[in-house]
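Enquirer: Quick one: the structure is below, and I'll ask about it shortly.
The values are calculated or read from the model by the stated rules, or taken from the named source; none is laboratory data. Everything numeric here is computed off the predicted structure, so don't read it as measured data. Because the Cβ atoms are built from the backbone with ideal geometry, glycine has one as well, and the counts that use them run over all protein chains shown.
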Amino acid sequence: MTQSPLAPEPQDDLLAALDATIARARGSPLYRERLAGVRLHALAELAAIPLTTRADLQQAGVHGARAAPLTEVCHYGESSGTTGASNSVWLTASDLERSARAIRTAHPDTFAPGRVILNRFPFMAAPAHLVQLIAQSGGGVAVPAGNINWDVPFPRALELVQRTGARVLAALPLEPVVLGALARARGLDPAADLPLDTLFLGGAPLPPSLQARLARDWGARVIELYGSTETMLLGTSCTAGTLHLETELAYCEVIVPETAEPAPPGGDGRLVVTTLGLEGSPLVRFDTGDVVRRRSAPCPCGSPRPALTVLGRADERLELAGLRLYPYELIDAGAAAADALASAIFFMAVLRDRVLVRIEGRQAVADPVAAFRARLPGVAVEVEHVGPNELLDVEMLSRSPHVYKPVVLADWRRPGRKILTVVEGMMEWPRPGWAESRRWLTRRLRTARRRRRLARELRLAARAER
């Protein structure tokens, strides 16, 4: 296999870094035998090393990829397991610090002293810890408010933005959609009435149409974060919106799976990563499963670093209307349709003969069908305009459970709540009124009817094909 076009020019320091990764990796059960005696004398020799797959990591077990003793490890993480079993990663303090430092170096104006960062990444995910480290190194003031934290439901997160004057939202891409809907339900214009000026988003597809809608809704710059639990940080987007790889942290190849050859400029392929910045769980030629598209044109920002577009996991690819589509492309088209109705709230259902795009629209500024077809010509689409709170129930979000500091003693002689269990002492679930319950039930019934109609349609279509 020839040298990957994504790689920088071969240099002694790059070879030394790759060779050091191989040497570290031999300290793990996963690589002890498969890398025994392996040394690199030329960059092209890396291609002779077999790929490491997710199945390899799972078969190796929880400690299989750990190459550092536990006395040197400070962090354990697991992949979410959304597309299969989860994988384990063990990180040293230096592993975390390298990724945090790279993010702050790439975005010094975003992560600057005194700027408040609402950190909504889930605590189990590495980005949540990277944001905290960036703040601790002088890159801002972090507000730990993970979106799976019972103590910080969405309404409180919105209130924290207002009270703290947060300028940066670090979160999954859906977070600003939800917070924006909550803000508008309270009569607030996110762009005019809230202080956020930067959305630092990662963990899910973030195509151009969605980025543009979020940027307009919030009057903010959108920065894309890319990486994985296994590899840690791989790159972030520049001021031109291009996702650039962090070449000091990882050596990346884009290969065509059928031939194992490098994908041509502008072509699609699987991303293969050899980590350069991990001591705890180093990986050699790890097949991420992500399909990416190499960017061949120079970036307007002037950075020489390799650039790419992440299309999605290979096993998430869809065959539709004779096309092979990835979540990135479908979400881009769905976001464009929603944008035509001045919205970022949409849900898509891929059916046998079309894509159903359900949108909570605010006002029609363009034709949503035409906007969808402009992104995915030849794909049949049905756009369904649904009412407020049908897809994103702001009313129920605003009635999130009230969480208390746990108690095991309650004096019934005093006024207040009459607690009988530990659970009652920890949280109090909302009791919606009759009118709200009726609205909620009506929406559920409408959704159920729509679900039944689509299911019946699919069954009839299947019978007709027999």
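Okay, residues lined up against (1) touching a strand residue (DSSP E or B) at 6+ places or on another chain (Cβ under 9 Å); (2) over 20 Å from Val131 (Cβ atoms); (3) modelled with pLDDT of 95 or more:
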site: Arg213; (1), (2), (3): no, yes, yes
site: Val222; (1), (2), (3): yes, no, yes
site: Thr231; (1), (2), (3): yes, no, yes
site: Cys238; (1), (2), (3): yes, no, yes
site: Gly267; (1), (2), (3): yes, yes, no
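Enquirer: Here's a follow-up. Of all residues in segment 172-197, which are more than 20 Å from Asp332 (Cα to Cα) and outside any helix (DSSP H, G or I)?
Expert: Passing the criteria: Arg186, Gly187, Leu188, Asp189, Leu194, Pro195, Leu196, Asp197.
Enquirer: Pick from segment 112-135 the residues that are β-branched (Val, Ile, Thr) and part of a strand (DSSP E or B): which of them is farthest from Ser94 (Cα to Cα)?
Expert: So the residue we want is Val116.
Enquirer: On to the next question. Could you pull out the residue among Thr231, Thr242 that is closer than 27 Å to Val89 by Cβ and polar (S, T, N, Q)?
Expert: Within the list Thr231, Thr242, the selection yields Thr231.
Enquirer: Being hydroxyl-bearing (Ser, Thr, Tyr), closer than 30 Å to Met426 by Cβ and either in contact (Cβ under 8 Å) with a residue 60 or more places away in the chain or not assigned by TED's automatic domain parsing to the domain that holds Leu454 (or both), is that true of even one residue in segment 326-347?
Expert: Checking segment 326-347: not a single residue is hydroxyl-bearing (Ser, Thr, Tyr), closer than 30 Å to Met426 by Cβ and either in contact (Cβ under 8 Å) with a residue 60 or more places away in the chain or not assigned by TED's automatic domain parsing to the domain that holds Leu454 (or both).
Enquirer: How about segment 198-316: which strands (runs of 3 or more DSSP E) wholly inside it have at least 2 residues that are touching a residue at least 24 places away in the same chain (Cβ under 8 Å), touching a Cys at 6+ places or on another chain (Cβ under 7 Å) and more than 21 Å from Ile117 (Cβ to Cβ)?
Expert: It comes to 243-245, 268-275.
Results for (1) acidic (Asp, Glu); (2) modelled with pLDDT of 95 or more; (3) under 17 Å from Ala260 (Cβ atoms), shown as yes or no for each residue.
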position	(1), (2), (3)
Val38	no, no, no
Ala42	no, no, no
Ala48	no, no, yes
His63	no, yes, no
Ala67	no, yes, no
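Yes/no matrix, rows are residues, columns are (1) more than 15 Å from Ser303 (Cβ to Cβ); (2) aromatic (Phe, Trp, Tyr); (3) surrounded by fewer than 20 Cβ atoms within 10 Å (Cβ to Cβ):
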site	(1), (2), (3)
Val222	yes, no, no
Gly235	no, no, no
Ala240	no, no, yes
Glu248	no, no, yes
Tyr251	yes, yes, no
Val254	yes, no, no
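Enquirer: Give segment 327-360 a look and list any residue that's basic (Lys, Arg) and within 15 Å of Arg375 (Cα to Cα), or say none.
Expert: Matches in segment 327-360: Arg354 only.
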